Structures are given as C-alpha cells and as structure tokens.
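*Asks:* I have a structure I would like to understand better, so I am pasting it below and will then ask my questions one at a time.
The values are calculated or read from the model by the stated rules, or taken from the named source; none is laboratory data. The model shown is predicted, which means the values in this text are computed figures rather than measured ones. As a convention, Cβ positions derive from the backbone with ideal geometry for all residues, glycine included, and neighbour counts pool all protein chains shown.
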Amino acid sequence: MKLAQEAIDKKGWLGAHRWLILRRISQLTVLVLFLSGPWFGLWLAKGNLASSVFLDVLPLTDPYVFLQTLAAGFLPASSALIGAGMVVAFYFLIGGRVYCAWVCPVNVITDLAAWARRRLGIKGGRVPDAHSRYWILGGSLLVAAWSGSLVWEWVNPVTIIQRSLIFGLGGSLTVVLAIFAYDFLVASRGWCGHLCPQGALYGLLGDVALWRVSAARRAQCNDCMDCFTVCPEPQVIRPALKKAGQESPLILDRNCTACGRCIDVCGKQVFTFTHRFDQRSDS
Amino acid sequence: MISNPRPESAKKAAVSPAPGRRKFLNGIAAAAGTGCLLNLAALMLARPAAANPPQALRPPGALDEPGFLAACLRCGLCVRGCPYNTLKLAPFGGAAVAGTPVFTARDVPCEMCEDIPCVKACPSGALKHELKDIGEARMGLAVLSDHETCLNFLGLRCDVCYRVCPVIDKAMTLESMHNPRSDRHAMLLPTVHSAYCTGCGKCEKSCVLPVAAIKVMPIKLVQGQLPAHYRKGWEEKEKHGSSLIGDQVQMPVRGMEDKAFGDSRLNDTGKVGSAPGGLNSGWKP
C-alpha cells in the first residue's frame with residue numbers, strides 16, 4: 001500500500017499533510033520576515049539566521065555561530081550575547097531540533113531528497129555513523145580555537161544556504177546540489193540526520209525541552225511502518241512506540257525534530273503533539 | 001548502518017562482548033574519522049581563502065583581518081545598515097571570505113556617514129563600536145599607483161580625486177612640482193597622507209580614467225614601515241630647537257662660486273637662477 005494511504009483515506013490529503021504544510025509555512029515565513037525588507041521596504045527582521053534583529057529591537061544570534069566565535073577567542077559584544085541567550089532559551093524550552101524542522105531551509109532540500117529516494121525506491125548507499133555530528137561539532141570548535149577563525153563557516157552549508165537565500169547571493173547552488181546529491185544518492189537522511197553539527201548542537205540544547213511527540217495511542221499501532229519510513233530520525237520512535245527501554249509514550253530522544261510527519265502519516269492516530277509531562281497512554 | 005549504542009545493544013554486549021564492543025568502537029572510529037575529515041577539509045579550504053583580494057575592503061571600524069575573521073558572524077546586519085548599498089556580503093565560492101562584508105571602491109565607495117550605521121548594526125563588535133568619528137576609520141589607504149596615466153602627472157589639471165576627497169587638504173593635497181617636460185609649468189600632484197586617509201574610496205571611484213590610476217587597498221598591502229630606530233633629521237632638529245651636531249663649516253666649491261646647480265630656471269635678473277636648490281640655497285643640516 002502507498003505510504004500514508006490509510007491516513008489520507010481517513011483524514012483527507014490535507015489532514016494527512018497538516019504538519020508538513022504548517023512546517024513549510026513556518027520555514028517560508030522565516031524567510032519572508034527577512035525578505036520583506038529588501039523586497040517591499042517592510043523591515044521585520046534584518047540580518048540572517050546567523051544573527052539578526054527583529055523589529056529593530058530583539059536581537060537573535062545562532063548559538064552555533066556564537067560558540068565558534070567564542071572558540072576562536074573573541075567575546076562578542078552584548079547584542080550578540082543577548083541574542084544567543086534568547087535563541088538558547090527558546091530552543092531549550094520548546095525543543096532544540098524544532099529549529100531543524102520548522103526554521104532551517106536546508107530541511108526542505110533534505111526532505112525533497114528523502115522523498116525522491118522513496119519514490120524511486122533507492123535503498124543503498126553509505127550512511128555515516130549518527131554520532132559523526134557530535135565529532136564534527138567538537139572538531140569545528142577545536143579547529144576554530146586552533147586557527148582563531150570561524151573555519152567551519154567557510155563550508156557550513158546551513159549558513160551558506162540561509163545567507164544566499166536572504167541576501168540573494170549566487171554561488172550557493174553548488175552547495176544546495178551537493179547536499180541534495182549526498183542525501184539522494186549516498187546517504188539516506190545523511191546531512192541533517194548524521195552530519196550537521198548545527199543540528200547536533202540544537203539537539204543538545206533541547207535535551208529537556210517541553211514540546212514533544214507522544215505515541216499516546218500506541219496500542220492502536222498496526223506496524224505499518226509508515227512513521228519509520230517518513231521519520232527523519234527513525235531511531236527515536238521505537239522507545240516510545242514499542243516501550244523499548246522506557247515506559248513513557250513520549251519521544252524523548254533529543255534528535256526528534258518535532259516535525260510531526262509521524263502524526264500526519266499514521267492512519268491509526270497513534271501520535272500527537274503534547275508537552276513533556278503528559279504521560280497519558282493507552283498501554 | 002546506524003550504530004547508536006542503545007540499551008538493548010549494551011545488554012547484548014554483555015552476552016557476547018566481542019561483536020558488540022567491536023561494533024561500538026567501529027562506530028566511534030567512523031564518527032571520529034568523519035568529524036576530523038570534514039573539519040580538515042574545511043581548514044584546507046579556509047587557509048587559502050583567508051587572504052582577501054586587494055580590491056575587497058572591509059567596512060569602517062573592522063578589526064584587523066585575523067581578529068575580524070574570528071569575530072564576524074557573517075550575519076549581514078552591517079550590509080542592511082548601509083544606506084548607500086556600499087557593503088556586500090561576499091558570496092560562497094568568490095575570492096573574498098564567504099559571508100563577510102566587503103566593498104569595492106570602484107563600484108560603490110563608502111560615503112562616510114557621520115553616524116556610522118554599519119558599525120552600530122554590528123552585533124558582535126567585529127566592527128569596533130568604539131569608532132565614533134568616521135574620520136578615524138581606516139578601511140584602506142589610497143595609492144596613486146600609476147604615474148604614467150594620472151592626468152595630473154601628465155601636467156593636466158584633472159584634480160578630480162583631490163576635489164572629491166571627504167578629507168580634502170588633509171588626506172589628499174596637491175603638491176606643486178616643476179614640470180621637467182615643458183620646463184615652464186607646474187605639475188600639481190595628488191598626494192595621499194596616510195595620517196588622514198580613511199580609505200573610503202571616493203578618489204578611486206571618481207578617477208576619470210577607464211581604469212583608475214589611484215586605488216584604495218588594504219593598508220597592510222600598501223603601507224610601508226620605517227625601521228623603529230630611524231629618526232628624521234629635520235624633525236629631530238625642530239624638536240631640539242637647533243642642529244644636534246652644531247653649525248657646519250661652509251666649504252667653498254672652487255671654481256663654481258658663481259654657478260647654481262640643480263636649478264635650471266631663469267631668475268628675475270635673466271641669469272640662470274640660484275635659489276632655491278643648488279649650492280646656494282642656504283640649506284644647513
């Protein structure tokens with residue numbers, strides 16, 4: 001049976017793509033906030049996702065870029081400091097990798113690659129170890145400290161793509177294509193799920209965050225595997241859904257991006273968004 | 001392929017330690033290898049790119065280049081702050097360090113806003129917030145690099161670079177020189193003074209030639225430096241009030257008493273002149 005067919009039959013196409021659509025709107029809105037200024041003269045957010053000012057008052061700074069600057073031996077001025085604090089506080093409370101699924105435009109590229117893999121039935125490839133991201137994260141900070149420069153920012157596809165979109169810079173199409181090609185041909189969910197140090201840091205930040213997916217109706221599960229198929233971090237589902245090593249129905253793994261695709265595709269309505277303290281379940 | 005050590009794999013490891021541990025260690029080695037490899041690649045890319053091309057100037061108040069590359073968040077807030085679209089973020093794959101702000105004087109020079117909005121916009125301090133007077137900015141240094149094409153050097157009165165200089169008569173002066181080609185005209189040579197030049201680039205922008213004869217480049221690239229122990233005699237003399245080695249004995253040059261040297265101009269008596277220059281100029285050490 002086609003992926004999510006039961007969910008589409010029961011909830012309609014819109015219902016079975018609800019969170020996906022909302023995420024795309026969210027990702028687009030973030031870009032529009034930055035682009036309404038240069039396009040229409042309506043300045044809502046200035047800068048880019050590395051550091052920005054919202055409505056000319058609220059500073060926001062990406063904690064990963066900030067951390068690299070610290071590692072390179074420079075203590076940024078108060079505005080960047082406050083900005084990083086704001087972002088850290090938000091993702092610490094709401095959910096670290098919410099950034100990956102709801103904000104970062106790279107997610108659109110890697111989702112597209114995953115979709116293309118599924119549609120064309122590409123199975124093979126060489127997937128790196130999922131801990132690689134932490135080594136890249138640590139390594140990038142070490143290299144910054146050693147060289148006194150933000151070395152990772154030379155190649156960081158996340159900031160390169162964000163910057164190019166917001167400032168209309170050329171030259172990043174190669175980066176987009178490289179990320180797509182890697183995820184499509186070499187490693188399923190390779191970049192976001194295994195290598196990206198920025199996502200890794202957000203994951204660490206949101207380890208105890210509040211917003212969670214719960215497999216609250218896990219007794220209804222008919223093992224159709226649709227949620228595993230669409231999940232960008234499939235290893236996070238099992239503990240909650242199958243009580244593997246935990247009783248709680250909550251997906252507590254720090255690498256759950258709260259994308260809500262499992263909620264969308266489930267024909268049995270097993271999953272739901274809830275908060276960290278909601279332990280209700282039907283089994 | 002994903003080899004996250006999960007609780008159940010740990011249990012398995014207790015039953016048959018060798019394969020579980022080997023898988024775990026292999027996973028760590030692979031992850032560490034990937035991490036090191038990617039960062040090494042980044043480092044190798046970063047090294048050659050660290051040198052910006054000479055035409056890429058930094059915004060006012062920028063820290064020196066190594067400090068700037070540690071401090072700049074690549075956010076582009078300075079670019080948004082610039083009212084004249086002078087600043088641009090360097091694109092990925094270009095010659096300048098990707099994502100950092102640069103401007104090219106010949107395209108759009110810095111207009112030297114009094115309130116320096118680009119510096120105010122910088123959230124990290126890569127552009128020093130202590131810079132309050134744009135006259136103290138040192139974005140680069142203008143160099144009249146081509147004496148063969150500069151119209152003033154050819155004896156014309158172009159003067160455009162001098163006229164547009166926002167720090168006119170301080171950062172740029174016209175120095176009058178004898179024109180040896182016509183032997184009867186002056187050349188007014190545009191002369192840059194590094195003590196005042198902000199490197200805004202308006203001179204380069206306005207040079208009337210198809211290719212500018214005056215160019216603004218990063219200070220490090222163009223400014224010389226005297227050895228620390230060098231003293232200029234005339235400055236020392238002024239500081240001291242008189243010559244430090246006492247007055248010199250004037251020696252006559254036998255057979256040359258009536259002649260001027262180094263000065264071929266006619267003086268008002270119609271004879272080949274004597275002053276200034278030459279042996280009778282009255283110059284004393």
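*Asks:* Hey, does the stretch B:123-131 have a residue that's out of contact with any Ser or Thr (no Cβ under 6 Å at 6 or more places or on another chain), buried (at least 21 other Cβ atoms within 10 Å of the Cβ) and more than 7 Å from chain A (Cβ to nearest Cβ)?
*Replies:* Yes, there is a match, as at least one residue in the stretch B:123-131 is out of contact with any Ser or Thr (no Cβ under 6 Å at 6 or more places or on another chain), buried (at least 21 other Cβ atoms within 10 Å of the Cβ) and more than 7 Å from chain A (Cβ to nearest Cβ).
*Asks:* Please count how many residues of the stretch B:44-63 are among the charged types (D, E, K, R) and away from chain A (no Cβ under 12 Å). Explain how you work it out, then say what you get.
*Replies:* Start the filter on the stretch B:44-63 by keeping residues that are among the charged types (D, E, K, R), which leaves B:47, B:58.
Subset that is away from chain A (no Cβ under 12 Å): B:58.
Total meeting the criteria: 1.
*Asks:* Among the residues of the stretch A:81-90, is any buried (at least 18 other Cβ atoms within 10 Å of the Cβ), modelled with pLDDT under 90, facing chain B (nearest Cβ under 9 Å) and in a helix (DSSP H, G or I)?
*Replies:* Among the residues of the stretch A:81-90, not one is buried (at least 18 other Cβ atoms within 10 Å of the Cβ), modelled with pLDDT under 90, facing chain B (nearest Cβ under 9 Å) and in a helix (DSSP H, G or I), which makes the answer no.
*Asks:* Return the pair list, or none, for Cβ contacts closer than 6 Å from residues in the stretch B:69-86 that are more than 10 Å from chain A (Cβ to nearest Cβ) to residues that are outside any loop (DSSP other than H, G, I, E, B) and not small (G, A, S), at least 6 apart or on different chains.
*Replies:* Here the result reads B:C82/B:C118; B:T86/B:F103, each pair linking the stretch B:69-86 to a residue that is outside any loop (DSSP other than H, G, I, E, B) and not small (G, A, S).
*Asks:* Yes or no: the stretch A:115-128 includes at least one residue that is at pLDDT 90 or above, crowded, with 24+ Cβ neighbours inside 10 Å, of a type outside the set (A, V, I, L, M) and assigned to a helix (DSSP H, G or I).
*Replies:* No, the stretch A:115-128 has no match at all.
*Asks:* Being more than 19 Å from the chain's Cα centre (by Cα), away from chain B (no Cβ under 11 Å) and without any contact (Cβ under 8 Å) to a residue 24 or more places away in the chain is true for just one of A:L42, A:L70, A:L35, A:L58. Which residue is that?
*Replies:* Values: A:L70 fails: away from chain B (no Cβ under 11 Å); A:L35 fails: without any contact (Cβ under 8 Å) to a residue 24 or more places away in the chain; A:L58 fails: without any contact (Cβ under 8 Å) to a residue 24 or more places away in the chain.
Result of the check over A:L42, A:L70, A:L35, A:L58: A:L42.
*Asks:* Restricting to the stretch A:129-159, and then to whatever is crowded, with 24+ Cβ neighbours inside 10 Å and in a loop (DSSP other than H, G, I, E, B), can you tell me which residue is farthest from the other protein chains (Cβ to nearest Cβ)?
*Replies:* Among those residues, the one meeting the criterion is A:N156.
*Asks:* Among the residues of the stretch A:29-42, are any on the phi > 0 side of the Ramachandran plot and assigned to a strand (DSSP E or B)? Give the steps one after another, and end with the answer.
*Replies:* Going residue by residue through the stretch A:29-42, those that are on the phi > 0 side of the Ramachandran plot are A:41.
Filter once more, so that each one left must be assigned to a strand (DSSP E or B): none.
There is no residue in the stretch A:29-42 that is on the phi > 0 side of the Ramachandran plot and assigned to a strand (DSSP E or B).
*Asks:* If the Cβ limit is 6 Å and pairs must be 6+ apart or interchain, which residue in the stretch A:243-263 that is free of Cβ contacts under 8 Å to residues at least 40 places away in the same chain pairs with which residue that is of a type in the set (A, V, I, L, M) and in a loop (DSSP other than H, G, I, E, B)?
*Replies:* As it stands, the answer is A:P249/A:A215; A:P249/A:A216, since those pairs meet every condition given.
*Asks:* May I pose another question? Please specify each residue of the stretch A:163-177 satisfying the condition of being more than 8 Å from every other protein chain (Cβ to nearest Cβ) and at pLDDT below 90. Explain how you work it out, then say what you get.
*Replies:* Here is the first cut: in the stretch A:163-177, the ones more than 8 Å from every other protein chain (Cβ to nearest Cβ) are A:165, A:168, A:173, A:176-177.
Residues satisfying the conditions are A:L165, A:G168, A:L173.
*Asks:* Take the stretch A:160-176 and flag every residue that is of a type outside the set (G, A, S) and either buried (at least 17 other Cβ atoms within 10 Å of the Cβ) or under 19 Å from the mean Cα position of the chain (by Cα) (or both). Write out each step before concluding.
*Replies:* The first filter runs over the stretch A:160-176 and keeps only residues of a type outside the set (G, A, S), leaving A:160-163, A:165-167, A:169, A:173-176.
Residues satisfying the conditions are A:I160, A:I161, A:Q162, A:R163, A:L165, A:I166, A:F167, A:L169, A:V175, A:V176.
*Asks:* Answer yes or no as to whether B:P66 is more than 13 Å from chain A (Cβ to nearest Cβ) and either in contact with a strand residue (DSSP E or B) (Cβ under 8 Å, 6 or more places away or on another chain) or not polar (S, T, N, Q) (or both).
*Replies:* Details: more than 13 Å from chain A (Cβ to nearest Cβ): no; either in contact with a strand residue (DSSP E or B) (Cβ under 8 Å, 6 or more places away or on another chain) or not polar (S, T, N, Q) (or both): yes.
In short, no.
*Asks:* Taking the conditions exactly as written (touching a Gly at 6+ places or on another chain (Cβ under 8 Å), more than 30 Å from B:P66 (Cβ to Cβ) and surrounded by 13 or more Cβ atoms within 10 Å (Cβ to Cβ)), does B:N179 satisfy them or not? Full working, then the answer.
*Replies:* Working: touching a Gly at 6+ places or on another chain (Cβ under 8 Å): yes; more than 30 Å from B:P66 (Cβ to Cβ): yes; surrounded by 13 or more Cβ atoms within 10 Å (Cβ to Cβ): yes.
Taking the combined requirement at face value, the residue satisfies it.
*Asks:* Conditions: (1) closer than 30 Å to A:F277 by Cα; (2) in contact with a Phe, Trp or Tyr (Cβ under 7 Å, 6 or more places away or on another chain); (3) surrounded by 23 or more Cβ atoms within 10 Å (Cβ to Cβ). A:I94 meets all but one. Number of the miss?
*Replies:* (3)
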